[in-house]
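**Q** Can you keep this structure in mind? I'll have questions shortly.
The values are calculated or read from the model by the stated rules, or taken from the named source; none is laboratory data. Just so it is clear, the structure is predicted and the values come from calculations on it, not from any experiment. Cβ placement follows ideal geometry from the backbone for every residue including glycine, while neighbour counts extend to all protein chains displayed.
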Amino acid sequence: ATVESTSGSVFNVNAVLNGDLEFGVVQSDRQYQAYNGLAEWSESGKQTDLRSAFSVHPESITLIVSEKSGIREIKDLKGKRINLGNPGSGQLQNSKDVLEAAGLTERDLSAEYVKAVEAPGLLQDERLDAFFYTVGHPNGNIKEATSGRIKVSIVPIKGQGIDEMLKRYPYYAKSIIPRSFYPYALNTEDIETIGVKATFVTSKKVDEDIVYAITKEVFENFEDFKSLHPAYQVLT
């Protein structure tokens, strides 16, 4: 077995369906959209060969802002330099959904589309005012963003527009980012937000014995699996 770094959920779904990958990690919202022929799959139709092996960890939509930006809530993003996420990532769609819930679009911002791992450095270099990152916590890149010269905070993603969004999209759910994960952020309490689940997907074309063997290996060595990433520590 080999492990590849890819550009995100959309790539992983398509690679699994094309047979380029046997398994991939995909945000649950992208899995839902692909299976139901929505978003990027609206032209190609329902991807009913897609299969979910198991859920992995929660991924929270995280909005990091510099203190200098004056951003205190989502609507304050208007006119600011914001990284929404790279094309093909689940995060980009999450960012757009949050903006829509606040009555904003990409055109209301000075939007950037770089990979999430590049955004903390750009914020610390004062080339960004804020960035979205859909990720499991605690996360090293978020720690980097909160530990630099530029003081930052994590903005809550909540309100009436978000509540309506949760009703509209069944794959989103409320989540909490513990303040203790990022002691150098300016937040004084835990952060309310929303998120999705990271899911381990495959295709119905992959032999059932292979899917069973991989799943069995993970769950029979669960403590070792949890040690692979800090975000897995919440798994039970």
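**Q** Can you work out which of the residues in region 120-152 that are surrounded by fewer than 17 Cβ atoms within 10 Å (Cβ to Cβ) and among the charged types (D, E, K, R) is nearest to the chain's Cα centre (by Cα)?
**A** Glu144
**Q** Any idea how many residues of region 29-59 are more than 28 Å from Ile177 (Cα to Cα) and in a strand (DSSP E or B)?
**A** 2
**Q** Can you name the residue in region 99-119 that is in contact (Cβ under 8 Å) with a residue 40 or more places away in the chain and closer than 13 Å to Leu63 by Cβ and is also surrounded by the most Cβ atoms within 10 Å (Cβ to Cβ) among such residues?
**A** Filtering region 99-119 for residues that are in contact (Cβ under 8 Å) with a residue 40 or more places away in the chain and closer than 13 Å to Leu63 by Cβ, the one surrounded by the most Cβ atoms within 10 Å (Cβ to Cβ) comes out as Ala119.
**Q** Hey, another quick one. Going by the conditions given, is Val26 in a helix (DSSP H, G or I) and aliphatic (A, V, I, L, M)?
**A** Against the criterion (in a helix (DSSP H, G or I) and aliphatic (A, V, I, L, M)), Val26 does not qualify.
**Q** Scan region 1-47 residue by residue and report those that are among the acidic types (Asp, Glu) and at pLDDT 90 or above.
**A** Matches in region 1-47: Asp20, Glu22, Asp29, Glu40, Glu43.
**Q** Scanning for something assigned to a loop (DSSP other than H, G, I, E, B) and in contact with a helix residue (DSSP H, G or I) (Cβ under 8 Å, 6 or more places away or on another chain), does region 212-221 turn up at least one residue?
**A** The answer is no, given that none of the residues of region 212-221 is assigned to a loop (DSSP other than H, G, I, E, B) and in contact with a helix residue (DSSP H, G or I) (Cβ under 8 Å, 6 or more places away or on another chain).
**Q** Among what's in region 172-187 and is under 19 Å from the mean Cα position of the chain (by Cα) and among the aliphatic types (A, V, I, L, M), pick the residue that is surrounded by the most Cβ atoms within 10 Å (Cβ to Cβ).
**A** Top of the filtered list is Ile177.
**Q** Follow-up question, since we're still on this one. Scan region 11-24 residue by residue and report those that are closer than 14 Å to Arg51 by Cβ and either acidic (Asp, Glu) or touching a residue at least 40 places away in the same chain (Cβ under 8 Å) (or both).
**A** Within region 11-24, Asn12, Val13, Val16, Leu17, Gly19, Glu22, Phe23, Gly24 meet the criteria.
**Q** Still on this structure: Restricting the search to region 53-70, which residues are under 23 Å from Leu166 (Cα atoms) and at pLDDT 95 or above?
**A** Residues satisfying the conditions are Ser60, Ile61, Thr62, Leu63, Ile64.
**Q** Further question: Take region 120-133 and flag every residue that is touching a Leu at 6+ places or on another chain (Cβ under 6 Å) and not aromatic (Phe, Trp, Tyr).
**A** Leu122, Leu128
**Q** Among the residues of region 34-81, what is the count of those that are surrounded by fewer than 19 Cβ atoms within 10 Å (Cβ to Cβ), under 20 Å from Asn94 (Cβ atoms) and touching an Asp or Glu at 6+ places or on another chain (Cβ under 7 Å)?
**A** Of the residues in that region, 2 qualify.
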